[in-house]
Amino acid sequence: MTSGTTRPGRRPEVVVRRAVARDARRLTRIVRGSRAYEGKYAAMVADHRVRPGYIEAHRVFVAVDRADGRVLGFYALLVDAAELDLMFVADDAQGLGIGRLLVRHLCGEARAAGLDRVRVVSHPPAEGFYRSTGARRTGTAPANPPAVPWERPELEFAVPSDA
């Protein structure tokens, strides 16, 4: 179940697990339904699909409400590129700490993979979130028309070692 809202007064107990192929439709709905991609940004996600093959090929993790199994958010780490490819939190789950939980998990996964940093090319409105979770701005990614006709903030998470 991915539709509906988090019940008022109930903060979900969230677990993060590896995504599986059958999660693809749910993740696609979260991406396409994101209010952060309305207006001028809508074209960027209008045809986007998170496919089962993508989930199988990359480290994709989902934050799930333990009570009802609802997917609240997800991220995809591209280990070979040391890059965060996707991170989305369902609109009705925003403000519950899901994004911060996913960033912490991302850093743990990156550390386990031997990475010391993770690059993020951010959706412009999300830059503040990434900076508030410890990423630092490193530059600007150029526009890539027609899919992305605007520049995007480029950031980086430093991944501390366990030592």
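The values are calculated or read from the model by the stated rules, or taken from the named source; none is laboratory data. None of the values given here were measured: they were computed from a predicted structure. We place every Cβ from the backbone using ideal geometry, glycine too, and count neighbours over all the protein chains shown. Heavy atoms of the whole protein, side chains included, go into the accessibility calculation; ligands, DNA and RNA do not. Shrake-Rupley method; radii C 1.70, N 1.55, O 1.52, S 1.80 Å.
Need one word for the range 89-144: rounded, prolate or oblate. Basis is the Cα gyration tensor (sqrt eigenvalues a ≥ b ≥ c); a/c below 1.5 gives rounded, then a/b vs b/c decides.
oblate
At A158 and E13, where each label point lies 7 Å from the Cα along Cα→Cβ, what is the point-to-point distance in nanometres?
Going by the 7 Å Cα→Cβ label model, 3.7 nm.
Report the one residue of Y41, P149, L27 whose Cα lies farthest in the direction of the positive end of the charge dipole of the chain (charges on C-beta: Lys and Arg +1, Asp and Glu -1; origin at the Cα centre).
L27
Could you work out how far apart the two model spin labels at H105 and A46 are, taking each label as a point 7 Å from the Cα in the direction of the beta carbon, and quote it in nm?
For the pair H105/A46, the computed spacing is 3.1 nm.
At most 11 other Cβ atoms within 10 Å and a DSSP loop assignment: could you name the GluC sites (Glu not before Pro) in the range 32-130 that fit?
Filter output for the range 32-130: E38.
Please compute one quarter of the surface area of the Cα convex hull for the range 57-108 and express it in square nanometres. List each step's numbers first, then the result.
Values: hull surface 15.4 nm².
If you wrap the Cα atoms of the range 57-108 in a convex hull and average its projections, you get 3.9 nm².
Taking the Cβ-Cβ separation of D68 and A36 as r and a Förster radius of 25 Å, what is the calculated FRET efficiency to the nearest 0.05? It would help to have the intermediate numbers written out before the result.
Values: r = 24 Å, r/R0 = 0.96.
E(calc), rounded to 0.05, equals 0.55.
Counting other C-beta atoms within 10 Å, and keeping those with at most 15, which DSSP coil chymotrypsin sites (Phe, Trp or Tyr not before Pro) do you find in the range 125-163?
Hits after loop and neighbour filter: W150.
Normalise the Debye intensity by I(0) for the chain, one equal point scatterer per Cα, no solvent, then take log10 at q = 0.09, 0.13, 0.20 Å⁻¹ and round to two decimals.
For the chain, the Cα-only Debye profile gives -0.29, -0.62, -1.49.
With a ≥ b ≥ c the root eigenvalues of the C-alpha gyration tensor of the range 8-104, is it rounded (a/c under 1.5), prolate (a/b larger than b/c) or oblate? Display every interim value, and only then the final one.
Numbers: a/c = 1.57, a/b = 1.14, b/c = 1.37.
Oblate, because a/c is 1.5 or more while a/b does not exceed b/c.
Put +1 on the Cβ of every Lys and Arg and -1 on every Asp and Glu Cβ in the chain; which of Y54, V64, L84 then has its Cα farthest towards the positive end of the dipole?
V64
Given +1 on the Cβ of Lys and Arg, -1 on the Cβ of Asp and Glu, and no further charges, what dipole in debye does the chain carry about its Cα centre, rounded to the nearest 20?
Numbers: 26 positive and 19 negative charges, 97 e Å.
Computed charge dipole of the chain: roughly 460 debye.
First compute the accessible area of the range 48-139 with a 1.4 Å probe, then give the percent of it belonging to carbon and sulfur atoms.
46 percent
Per-residue ellipticity at 222 nm for the chain, helices alone: DSSP H runs ≥ 4 residues times -39500 (n - 2.57), over residue total, nearest 500 deg cm²/dmol? Provide the component values of the computation, followed by the final result.
Numbers: 5 runs with 41 residues, N = 163.
The helix contribution divided over the chain gives -7000 deg cm²/dmol.
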